[in-house]
Amino acid sequence: MRPLDEARKTLGEGPSFSRRDQQLARLLRASARPPSRSPRARLALAGTLMLLCTGLIVGLWRSSGAPARPMSGMRLDGAVTPALDFLDGSSVALDPSSTARIDVVDERQVELTIERGSLTAHVQKGTGRIWRHHAGPWLVIVRGTRLRIGYSPEQGQLEVGVSEGAVEVSGPGGSARVEAGETLQRRVDVHAGPTSPAPPRQAPQPTELERPRPTRHRPAPVAVEADRPVSWLELLAQGHRAAALDEAERQGVFSRLAELDESVLLQLADAARLERRVPLARALLAESLERGQAGAAEAAYLLGRLDANDGRPEAARASFSRALSLSPHGPFAEQSRGRLLEVLLELEELPAAREAAADYLQNHPTGAWAGLAKKLAGASPP
Amino acid sequence: MAPVSAARGFLQVARPDEEAELGALIEAVARGEPRAISRFFGRYQATVNRLVWRLLGADAAHDDVVSVAFETMVRRIRDVRSPGALEGWVRAVTVNATRMELRGRRWRRLFSRSIDEGVGLDHPDLSVPDEEQRERLRVLYRALGRLGADERQMLVLRHLEGLELTEVAEAMGCSLATLKRRLVRGEERLATALGAQR
């Protein structure tokens, strides 16, 4: 069935990883709800369902399937949900008496609020996501690191310890960059301020206990936010891809690629790819690939996707192979192996395709391309 | 020799270490342990997402259907007869969840004036830049929409997902003979529906 074969290639294998994280969060939230088992509750449910039926019948043909709601407001309790693993390899683990809330999970960002206690976060590098941890009046911004954050609302105290990478902390006490091996403590006098929770603008004067290194004390971002023009980075973080690209172009950012942080580079490349600005996406990905840092495998994979879409299977083959050589077991390994398989078939290079199929099955026996790989490798089905 | 376990009449083979690992995972999910649920999701999310994506055609309802499927799995994971049967069971639950959505769509189409009602291809993550390819997809999913939910699922599982006949039969909960008969009929009806659009 040729149309179905073609559909396999063009449809792809499903939604983005960030959307899958939202699915997981939704599942964990649903599974944390206690099931209602009492007969009275069931009777009430049946009555409600009957009442709803009329509305559903009327509304059924009018609705065409609402788009998925963005995930928000998932509560984490260290005693109940000690850890949450994200599909991009990031994870958050809470101490038993700690509580937190995940406010936003989307393509570009994860925002969580530490209500009290401590959490340890491992934020995977090169995913293009920015993690914002709110703890009372403080904000900790992370792009790829391992860190531990402790917050006590009663004592008005924050402690940030970084074991890998670097984070930016802002709020009372000014902004500071905390690097691997350093610990930053900040405190506000909780008795001097208004009744809790104290809004950041009215936060009392901070007492800084320890600074990791001398830092220039800038005003906290919250204090200047209202009058500040929105930068292309913020537009990008908010998901306004086209506007962010236009603004970055206007500021000449694309002629100074070497100055950009790798995670920002990949975010811009992704935005350009999704906005169909292919030459720009290629230039950004090529820069990331050339740097050979953590995001290079992702850059090679995305270049391969662009090549395959542009009908350049030879170039796509080289890009997917490069992605695999850079990171044979990374988050893009399965997709690179699967796409490589498709490209080799398109090139009608059957011996190489069979070899790639065997490699695919060895690494991803139940993966998206396993059916195709089994056929190619000649393996008998279970 | 690897242990052999029965699932819906079909033989599944699992490595002993894998079987023990899956058994522990099933037990932990049944107890409602968040970390186990998270691991279970991580293990099967690619399969479930891909199946729903292809069965519905990158539909806006995709994430809701995936959520329903996983919530059902977590609730009913003790129904799995043996760890070796878990993967087939995951597919079967996913196919069931998708079937409900497809049947709902047929009703919606009855009352809709748009020929593209319920065709799908409206998920925000779908990226098909080439307009001709996109049109061909639309034609295909319009034609699939004219088939019954079961026939459509059989065709997609077999030809788009590339499953073996035994795997399709297991996911659909029917015998191999029934599957073969309905696949032939489905292929003919799909060819007719595609021809009618040209």
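Evaluate E = 1/(1 + (r/R0)^6) for A:R29 and A:E348, where r is the Cβ-Cβ distance and R0 equals 45 Å; express this FRET efficiency to the nearest 0.05.
About 0.40, to the nearest 0.05.
List the lysines whose Cα sits under 29 Å from the Cα of A:K375, skipping any in the same chain fewer than 8 residues away.
By straight Cα distance, A:K375 reaches A:K9, B:K180.
If a/c stays under 1.5 just call it rounded; otherwise compare a/b with b/c (prolate if a/b is bigger, oblate if not). Do that for the stretch A:290-382, with a ≥ b ≥ c from the square roots of the Cα gyration tensor eigenvalues.
The shape class here is oblate.
Let me confirm one metric for peptide A:21-31, namely the mean number of other chain beta-carbon atoms within 10 Å of its residues' beta-carbons.
6
Provide B:D125, A:D261, A:D21 in ascending order of the number of other Cβ atoms located within 10 Å of each residue's Cβ, fewest first.
A:D261, B:D125, A:D21
Please give, to one decimal in nm, the separation of the simple spin-label points placed at A:E179 and B:R185, each 7 Å out from Cα toward the Cβ.
7.2 nm
Report, as an integer, the average count of C-beta atoms from other chains found within 10 Å of each Cβ along A:365-375.
Across A:365-375, the average partner-chain Cβ count within 10 Å equals 4.
Show which aspartates and glutamates lie in cross-link reach of A:K374 when reach means a straight Cα distance below 13 angstrom and same-chain residues fewer than eight apart are skipped.
Hits, sequence-local ones excluded: A:E355, A:D359, B:E161, B:E164.
In what order do B:M172, B:M154, B:M73, B:M100 fall by count of nearby beta-carbon atoms within 10 Å, going from fewest to most?
B:M100, B:M172, B:M73, B:M154
Need one value for B:162-168: mean number of C-beta atoms belonging to other chains within 10 Å of its residues' C-beta atoms.
Per residue, the average neighbour count from other chains is 4.
Please give the Cα centre distance for the stretch B:126-165 versus the stretch B:36-90, rounded to the nearest Å.
20 Å
What is the spin-label model distance, in nm, from B:R103 to A:S255 if the labels are put 7 Å beyond Cα along the C-beta direction?
6.4 nm
For A:E168 and A:E355, compute 0.36 nm times the residue count separating them, minus their Cα-Cα distance, and round to one decimal in nm.
Contour length minus the Cα-Cα distance gives 62.7 nm.
Under a no-solvent Debye model with one identical scatterer per Cα of the stretch B:3-196, what's log10 I(q)/I(0) at q = 0.09, 0.12, 0.13 Å⁻¹?
-0.37, -0.64, -0.74
Can you pull out the trypsin sites (Lys or Arg not before Pro) in the stretch B:35-76 that DSSP calls coil and that have at most 16 other Cβ atoms within 10 Å?
B:R76
Quick note: the coordinates plus some simple rules give every number you see, no bench work behind them. Not measured: the values here are computed from a predicted model. Cβ atoms come from the backbone with ideal geometry, glycine included; neighbour counts cover every protein chain shown.
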